[in-house]
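Beneath this line is the structure, given in structure tokens, with notes to follow.
The values are calculated or read from the model by the stated rules, or taken from the named source; none is laboratory data. These numbers were taken from a predicted model, which means no experiment stands behind them. Cβ: placed from backbone, ideal geometry, glycine included. Neighbour counts: every protein chain shown. These area figures cover heavy atoms from the full protein model, side chains too; ligands, DNA and RNA do not enter into them. Shrake-Rupley method; radii C 1.70, N 1.55, O 1.52, S 1.80 Å.
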Amino acid sequence: MQSVADQTYHLGPGDELRIVVYGFDQITNAYTVSDAGTISLPMLSSMDVEGLSTADLEEAISGALRTRDLAPRASVSVQVQKFRPFYILGEVQRPGQYPYVPGMTVLTAVSIAGGYTFRANKRDTELVRTRKNVSYRARAGSDARVLPGDTLLVPEAWF
């Protein structure tokens, strides 16, 4: 079970991947993970990738090529070219959707959104992380790591 404390990057809908399979120019291309969490590869059909790491996907593609007797020792590389966005709501200057930046924390996400409003409760930011339609919620400090697809909720302070 994944929680918000899990810092491993898992693929999800909206991620754009660059897949290189050495010796298989038909498969080597850029792919976008669909809303259903799948990608369609020539010769291998549709693969469920949501929740996998890039290393897991490399192994899955290599295994599929072995299973179909296409390549006994396939060399596969998977890289995330474009991460899905993160969302920030509540007491920030410009709430909305923003591009993810690797290594992002709650504080950098708030900075991207223009900073806190004067009414913001800076200590009770809530982080919502969804994986395979299951949401996990936790209070997040300013140094908590933000991942692609996360939603930050900055509440109003009550004086």
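Answer yes or no as to whether GLY149 is open to solvent by less than 70 Å² (accessible area, probe 1.4 Å), on the phi > 0 side of the Ramachandran plot, touching a Gly at 6+ places or on another chain (Cβ under 7 Å) and touching a residue at least 12 places away in the same chain (Cβ under 8 Å).
Criteria met by GLY149.
Which of the residues that make up region 13-31 are at pLDDT 90 or above, part of a loop (DSSP other than H, G, I, E, B) and among the small types (Gly, Ala, Ser)?
Residue satisfying the conditions is GLY14 alone.
Quick check on my filter: what residues within region 102-139 are more than 19 Å from VAL92 (Cβ to Cβ) and either of a type in the set (A, V, I, L, M) or in contact with a strand residue (DSSP E or B) (Cβ under 6 Å, 6 or more places away or on another chain) (or both)?
Result: VAL134, SER135, TYR136.
List pairs: first in region 102-114 and in a strand (DSSP E or B), second open to solvent by 10 Å² or more (accessible area, probe 1.4 Å) and not aliphatic (A, V, I, L, M), Cβ under 7 Å, 6+ apart or cross-chain?
THR105/SER142; THR105/ASP143; THR105/ARG145
Among (1) within 15 Å of the chain's Cα centre (by Cα); (2) among the basic types (Lys, Arg); (3) surrounded by fewer than 20 Cβ atoms within 10 Å (Cβ to Cβ), where does ARG129 come up short?
Of the numbered conditions (1) within 15 Å of the chain's Cα centre (by Cα); (2) among the basic types (Lys, Arg); (3) surrounded by fewer than 20 Cβ atoms within 10 Å (Cβ to Cβ), the odd one out for ARG129 is (3).
Find the residue count for region 32-51, including only residues that are of a type in the set (S, T, N, Q) and either part of a loop (DSSP other than H, G, I, E, B) or touching a residue at least 24 places away in the same chain (Cβ under 8 Å) (or both).
1
Here's a check for you: in region 52-101, which residue that is of a type in the set (Asp, Glu) and free of Cβ contacts under 8 Å to residues at least 40 places away in the same chain is least open to solvent (accessible area, probe 1.4 Å)?
GLU58
Kindly provide the set of residues from region 21-31 that are in contact with a Ser or Thr (Cβ under 9 Å, 6 or more places away or on another chain) and open to solvent by less than 30 Å² (accessible area, probe 1.4 Å), ordered by number.
Selection gives VAL21, TYR31.
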